[in-house]
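Peer 1: Okay, handing you the structure first.
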Amino acid sequence: MLTDGFKELLNIGIALSSVHDLDKLLDMILTEAQKLTSADSGSIYLVEGDKLIFKTSRSNTYFKRWGEKKTREIFKSFEMPITKQSIAGYVALTCQPLNIPDVQTIPQDFEFHYNPTLDKKYDYKTVSMLVIPMLNRDEKIIGVLQLINSLSGNKIVPFTDEHQKITTSFSSQAAVAIQNAKLTEDLKSAHFDTIFRLSAAAEYRDKETGNHIKRVSHYSKIIAENLGLSQQDSELIFWSSPMHDIGKLGIPDAILQKPGKLTPEERAVMEQHTVIGAMVLKDTTADVLKKSRIVALTHHEKMDGTGYPLKLKGNEIPIEGKIVALADVYDALSSKRCYKEPFSDEKVISILKEGNGNHFDEKILDVFLSSINEINTIREKYSDKEEDFDKFADFKNINILELLK
Ligand SMILES: [Fe+2]
Ligand SMILES: [Fe+2]
């Protein structure tokens, strides 16, 4: 016969496995662990190499005092070496739970000690503690769950054996969920990192910097958000816009890097970068690459139908194409290129306004201009330094051994 606590545990296990965002998952684990043990506060540390990383904490007392947002600002992530002197480190090394009725009564000659620094700093009194190792399916430690001050009414009481048992079962479910979420995050970040690096490779051939695509990505996301697109669609535009010029990989150097004006024939070849990009990105099931294909194909279309390659007009142009078109042109005008210095803000804005309705979508330009403060913040954050312009070209000065690391 299952106790209510263990029935609850089964339901939580199912809920945990459906959360793939690591921060949300850790928060959910803590909330549930607090409920299972009537704990006032709690923290989760994750093991990374030989360090413990303090990832998240919840505290009813602090939330009441400062609210959730401020509490989270105060208790930011930090790391510490895994040693037996700290309670969390001791649990991580021994893989054994600690149930401490009162931290003040930990004998001096014990290997671990309670560190009261945070209590003193933030006027909190830690009394009882339940600290549980989080073990994955291979019994390997991946983190430590630390619960503080079990409450019975307003009174702080020790954690019970039942609390320890239930939290131990719970933490192994939580460990599996954390491991899955981390794997998903790793895959996601490797995937997006690859997108940026490949896109940067295409831009370098064109003598543009890697910052160009970062700025365009951010500008596009700001426009999407302020246009009222959903968070998910805005994110998709962010991740698909860096590939707008990926097709330039297929344009011969003689044309791509030709100083001065292109002949009409050369221009026609150059314009093919939109189609080549879309070809590179076709036949995919991934949403982000589908959007990237649309962006690559349509980022040079113009509202009046004079763009390329399809000469689409008005709303025939997909919204992501229109957004990236504006972000890309703005960036070209407002940043240094090898053939020009950045234009003044007034000149940039007046050129954009000249394109209102014929080159750019009126509503999108309107939203862009009213978001100019956000745009400027990004422009400064990812501004180009001199060395960014020849990062790949300057092979002679690179210590090739560095690349082995
Ligand atoms: Fe382009
Ligand atoms: Fe571009």
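Bear in mind that the values in this text are calculations on the coordinates, not laboratory data. No experiment lies behind these values; they were computed from the predicted model shown. For neighbour counting, all protein chains shown are included, and Cβ atoms are generated from backbone atoms with ideal geometry for every residue, glycine included.
Peer 1: Once you charge only the Cβ atoms, +1 for Lys and Arg and -1 for Asp and Glu, what is the size of the charge dipole of the chain about its Cα centre, to the nearest 20 debye?
Peer 2: Working: 52 positive and 59 negative charges, 47 e Å.
Value, rounded to 20: 220 debye.
Peer 1: In deg cm²/dmol and to the nearest 500, what is the mean residue ellipticity at 222 nm of the chain if only DSSP H runs of at least 4 residues count, each as -39500 (n - 2.57), divided by the residue total? Spell out each step's value before the answer.
Peer 2: Numbers: 17 runs with 207 residues, N = 405.
Value at 222 nm, helices only: -16000 deg cm²/dmol.
Peer 1: Work out the count of Lys pairs in the stretch 157-265 where the Cα-Cα distance is under 24 Å, with the pair 8 or more places apart or on different chains.
Peer 2: Taking the stretch 157-265 as the scope, the lysine pair count is 9.
Peer 1: A follow-up question, please. Under a point-charge model restricted to the Cβ atoms of Lys and Arg (+1) and Asp and Glu (-1), what is the dipole moment magnitude of the stretch 212-254 relative to its Cα centre, in debye to the nearest 20?
Peer 2: On the way: 4 positive and 5 negative charges, 25 e Å.
In debye, rounded to 20, the stretch 212-254 gives about 120.
Peer 1: Spin-label point model (7 Å from Cα, Cβ direction): what's the residue 121 to residue 343 distance in nm?
Peer 2: With each label point 7 Å from Cα toward Cβ, the separation is 5.0 nm.
Peer 1: Using 7 Å Cα-to-Cβ label points, what is the residue 7/residue 160 separation (nm, one decimal)?
Peer 2: For residue 7 paired with residue 160, the spin-label model returns 1.7 nm.
Peer 1: Then there's this: Among 280, 46, 128, flag the residue with its Cα farthest along the positive direction of the charge dipole of the chain, charges on Cβ as +1 for Lys/Arg and -1 for Asp/Glu.
Peer 2: Of the candidates, 128 comes out farthest on the positive side.
Peer 1: If the reach is capped at under 12 angstrom between alpha carbons, list the aspartates and glutamates near residue 125, excluding any in the same chain fewer than eight residues apart.
Peer 2: Qualifying aspartates and glutamates at Cα under 12 Å: 40, 102.
Peer 1: Given the options 15, 179, 349, identify the residue whose Cα lies farthest towards the positive end of the charge dipole of the chain (+1 on Cβ of Lys, Arg; -1 on Cβ of Asp, Glu).
Peer 2: Toward the positive end, the furthest listed residue is 15.
Peer 1: Any idea how far the Cα center of the stretch 145-200 sits from the one of the stretch 274-340, in Å?
Peer 2: 41 Å
Peer 1: Using a simple charge model, +1 on the beta-carbon of Lys and Arg, -1 on the beta-carbon of Asp and Glu, nothing else, what dipole does the stretch 206-404 show about its Cα centre, in debye to the nearest 20? Mind showing how you got there, number by number?
Peer 2: Numbers: 27 positive and 34 negative charges, 57 e Å.
I would put it at about 280 debye.
Peer 1: Here's something else I'd like to know. To the nearest 10 degrees, how steep is helix 210-226 against the longest Cα principal axis of the chain, on a 0 to 90 scale?
Peer 2: 80 degrees
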